[in-house]
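Nothing in this text is a laboratory measurement; each read-out follows from the coordinates by a stated rule. All of these numbers come straight from a predicted model, not from anything done at the bench. Virtual Cβ from ideal backbone geometry, glycine too; neighbours counted across all protein chains shown.
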Amino acid sequence: MPLRHAGHPRSSRILAAVAALTCAAALVGLIVPARPQAPTAPAQASAAGFSTLAFSDEFTADTYTGAATTRLWWGNFWFFPPPVGSAAMLSSTDIVRITTPGTTPGTHLVNHPINSDPYGPNYVFGYFEARMRFSAGPGGDVKNSWGAFWLLSKPAIENQVTDASGNKAWCEIDVAEMFGHGLLNTTIHSWVQIGSGTPTDTINPAHLNTVTADPIDGNWHTFGVLWQEGVVTWFLDDVQVATYSHSFSVCNTQAMTPILSSQSLAGDSQIADVDWVRVWQ
Ligand SMILES: [Ca+2]
């Protein structure tokens, strides 16, 4: 039995008008590319008061090589140059691939100003996130290698953390370090170096998280950290995986710089692909 209104003339006209509008909209969509949607802050960032996009790199243009007009990332800056791996845009994509050949010290992209402006934001607290894809390099074993997204004290990078006695103290927050399949290392380091001695650190003891969604699975994941005074909370795909309250003064006062990397101690290697990096404040 047909629907009662199926043949109603007015309904037909309305339907025809809607269809015409839909076709017109589709044509406009073909002609005018959809405007990229501005990112919105994750709920956990907004809830903490960090809903302003302070930094965003979608890697839609080459933003780190010497030829780039806007240079946001510096290869291996501060980290024992020359690089032993590579960091390069994947062909015809908006993805940066970071690799290590399986020997220390790996490959780093440091979002840090060598020049002064416009590269000099001082991020003190906020929400830091990156969309990344980790996969095993040759051999498939990832026991001795780790792809990572992390934050390091900007004054430490700038060699400005030495006190009157010649000692240094600085902070490191590891948003995500991939140590082996199914593991997500979420760490905070309060580093101290006495004179020219070996640096020692204090970390959060419960830092190695077993996660059901293996982050070294070749799939895209979002890794985030909520950095607030006295407490750091980590997220995988916007789900909290760890939190730690601390009294590390360096981690409450020093500005931090985002870093992307692939590192290895020996033998195996890991591939870290990066889609975007965002900082909310
Ligand atoms: Ca991208």
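The table that follows gives values for the structure above.
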read-out: Cα-based Rg / Dmax (Å) for the stretch 43-280; value: 16.8, 52
read-out: Peptides 197-206, 225-234 ordered by average Cβ neighbours within 10 Å, highest first; value: 225-234, 197-206
read-out: Extension reserve of the SER245-ALA54 stretch, reckoned as 0.36 nm per residue once the Cα distance is removed; value: 66.3 nm
read-out: Estimated Rh, the stretch 97-220: Kirkwood, alpha-carbon pairs, angstrom; value: 16.5 Å
read-out: Sequence-distant residues sharing a close amide H with TRP74 (under 5 Å, placed H); value: VAL110, ASN111, HIS112
read-out: Burial ranking of peptide ranges 235-246, 165-176, 91-102 (average Cβ count within 10 Å, highest at the top); value: 165-176, 91-102, 235-246
read-out: The stretch 185-281 - convex hull of the alpha-carbon atoms, volume per residue in Å³; value: 143 Å³
read-out: Pairwise label distance in nanometres, ASP237 with THR212, each label 7 Å out on the Cα-Cβ vector; value: 0.9 nm
